[in-house]
Every structure is written in C-alpha cells, then in structure tokens.
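Note sheet for the following structure.
The values are calculated or read from the model by the stated rules, or taken from the named source; none is laboratory data. If you're wondering where the values come from, they're calculated on a predicted model, not measured in any experiment. When we count neighbours, we look across all protein chains shown, and the Cβ atoms used for this are built from the backbone with ideal geometry, even at glycine. These accessible areas exclude ligands, DNA and RNA; they are computed on the full protein's heavy atoms, side chains included. Shrake-Rupley method; radii C 1.70, N 1.55, O 1.52, S 1.80 Å.
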Amino acid sequence: MAPTGPITALRYGNIAIVNQNICGIGGGKHNCYKLDVIANILRKKGIDIYTFQELKAGGVEKEVEIGEYLFFLNADKTDKRRSGVGIMLSPNARKAWEQAGSPEPIRKFCAKGSRIIAVNLCYKDARNNKVKLCVMSVHMPHNGKAPKKNTTEYSDDDYLQCLQCIDVIVKTLDKNTVPLIFGDFNARIGKREA
C-alpha cells in the first residue's frame, strides 16, 4: 500500500525533495512496511530526500535502513494515533549527511507529540562549493480543532510551542546553513464556524 497523503515536491539545486503526510507506516518488517514501499518509489523517481509526517507507530526504531536508504524517525512510543515525523535519505543524501559529519538528528517533542525532526547535510553545488542544509520535517497540531472521540484538542499555546521549537532550531544554525522546512502545517483559512 503506497502512502496516501498530499505530496509537495521541491528541487533545490540538483537535490529532489518530496514531503508527504503518510497517514501511518503500518506493521511488518521493522514495524514499518510502508517504508519499504516508499524506498522503492523514491528509487524509481530519483528522489534524494523524503520528509514525512503522521507515522502513527509508537515504539518504532529511531533509525531504519532499507537497502541503501536511511530513515531517521522521531516517534513517541506512547502515541500511536498521530505522533511521529521522519526524513528519508537516498544514497546521495546520505553522503551529504556523512560530509556534514554524520550529526545526530535534532528530535523535538512538543504539543503532546513527536512533531519535529531535523537533519544537517552538506552538499557540493555545481561550482563545487559547500552548501550546508538543515532539512526539517514538522507536523503542527490542529489549531482550534474540535476534539473527536479518542483525540486530543490542541490549544493556541500548543501551536505556538511548535513554532518556538522550529525557531530555536533555526536560530542555532550557523549563518551559512540554509533551513528547508517541510511539513503538515494543518493550516486553516477563514473563521471556524460553530
């Protein structure tokens, strides 16, 4: 079963990046059969970096290797409903991570869930100059969402807490690092009707 959420794609120089809310990674091998499917799709399409949200898989490993692809995950072991974000690196992107010194991903828990992960990379551009990137996968809480059975209502403070976490990460980057922020921002336009 392929991922089902909306897709956003971007090309930064010669780096192809895709973002998607995957609506859960399922069970099976490594407790995440959908990652096998994703790795195959990305291999065929030539995607370097894949950011994703809503793992819905408490207790999943922090790092999963599927073939030559490396998945960094941030999933709360106690919340199997919506929690969790991740970043997949192709062999090309994995080399960029290694060129950056293989830094530990930045994982943030905020607004009642594992909502942010960031990975630092170092690429060479067409002129052979170093390009430092910080790629983030973010899953913002629903701001003002009416609670459903067995769900959590999020406040404006929860939403602001996530924005502050993103801000802290960006402010800690050196001035030569380009932040690329992808995610499911649960944006709403207009007023909510009662």
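Rounded to whole numbers, the Karplus 3J(HN,Hα) couplings from phi for the stretch 85-100 are 9, x, 9, 9, 10, 6, x, 5, 5, 5, 4, 5, 5, 5, 5, 7 Hz, using 6.51 cos²θ - 1.76 cosθ + 1.60 with θ = phi - 60°, and x at Gly and Pro. In this structure, the residue pairs whose Cα-Cα separation is over 24 Å, taken from 108/175; 44/112; 95/130; 44/130; 95/175; 56/95, are 44/112; 44/130; 56/95.
On the basis of the beta-carbon distance and an R0 of 30 Å, residue 176 and residue 102 show a calculated FRET efficiency of 0.95. For residue 41, the accessible surface of its heavy atoms amounts to roughly 70 Å² (probe 1.4 Å, protein chains only, rounded to the nearest 10).
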